[in-house]
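What follows draws every value from the coordinates through simple rules; no lab data is involved. From a predicted model like this one, the values you see are computed outputs, not experimental measurements. Note that we place each Cβ from the backbone using ideal geometry, even for glycine, and neighbour counts take in every protein chain shown.
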Amino acid sequence: MSRPLTTRRGASLVAAAAVVLAAVGCAGDAATEAATVALPANAATKAAGTTAMAGTGTKAVGTTATAGTGASGSPSAAPSQTPAGPSGQPMPVGDIPGWHQIFADDFLTDVPVGGFSGCDPVRRICSGLPSDVASKWWAYPDGWPDTDQQGIYTPSKTISISDGMMRLDLHTENGVHMVAAPLPKIPGASGSEGGQVYGRYAIRFLVEQPTPGYKVAWLLWPDSENFPEDGEIDFPEGNLVGVINAYMHHMNGTSDMDQDAYQTSVRISSGWHTAVIEWTAQAVDFLLDGATIGTSTSRVPSTPMHWVIQSETDGVTPDSSTAVILIDWVAIYRPD
């Protein structure tokens, strides 16, 4: 398992057993390595030291986005779906070409505030959860500092499930900035910290009227805790009053800036969005609302990684700042 510890602009994590420090997170600048990418027609081509722009690839709220076709060769597909949930887009159910679904949750079991308690990073459980939720989720425990060490993970006061959605309520109590990082449990995971090698990760989310001071850095982090050598994949990432970004840190990386970076023009808080990572041996494709915003094909990570829905402070966070993140559904696949 992993947890934030050191200060960076992205996520930073540490193995609980070995207390191995590692830095996570991303920032695009001139040190970022260029890659040959496939982008939508309305997107600018990424050049060395620049950031690819996604343009206007976002679909309207309430429509169903298709998977698209990235450089990895994954064909477009229309999986079977559950009835439309709170977001107006139903959760995909079942396999799609090239991918076998192994996890799906549209949050039908309510969990009140306080349910994500007793979280144990060694056993990867939260003892306060009902059994059907505990079989699918755990969270960074109360008391762990976040990346910038300005916030404290407090799942017992920030995570709940109701009305068919997981709710992350980032806020301050008694001067403590309380943040959240739930983690889905990947069935049949081969990695030492519950991760798998390659996969497709889809999440449908809404950020409600945030104020400055919080960010998301939802990431695939190596079970080895070996960063930058084993790479990292981040999407979506960004300040909640800013735009949606994506990053792939290269395998055999030599620094935290040894990465590909993609910046969209889509604001995180602009409505419901569906973010998809498609990770294969050949490429990492980033899809936002059905449009491919970036593809990385060079030095793709190749060791087991686990998925962290890391939502935390971003630099200086005023006590008055708040943010609510709603998650309608998540789905995880492994390659056929």
Where does segment 159-208 land on Rg/Rh, using Cα atoms and the Kirkwood Rh?
1.07
Net charge over other residues, Cβ less than 12 angstrom from the Cβ of D285 (K, R count +1; D, E count -1):
-1
Can you list the aspartates and glutamates whose alpha carbon sits under 12 Å from that of K136, skipping same-chain ones fewer than 8 residues off?
D105, D106
Figure the gain on full extension for S135 and S192 (residue separation times 0.36 nm, minus the Cα-Cα span) and round it to one decimal in nm.
18.8 nm
Rounded, prolate or oblate: which fits segment 106-262, taking a ≥ b ≥ c as square roots of the Cα gyration tensor eigenvalues, rounded meaning a/c under 1.5, else prolate when a/b beats b/c?
oblate
Compute the signed sum of charges (Lys and Arg +1, Asp and Glu -1) over the other residues within less than 14 Å, Cβ to Cβ, of T109.
-3
Under 20 Å from K157, Cα to Cα: aspartates and glutamates that are on another chain or at least 8 residues apart:
D110, D120, D142, D146, D148, D169, E173, E208, E312, D314, D319, D328
Could you compute how fast segment 261-336 diffuses translationally, taking Rh as the Kirkwood radius over C-alpha pairs and applying Stokes-Einstein at 20 °C with viscosity 1.002 mPa s? Give it in µm² per second.
140
Which trypsin sites (Lys or Arg not before Pro) does segment 77-158 hold that lie in a coil by DSSP with at most 13 other beta carbons within 10 Å?
R123
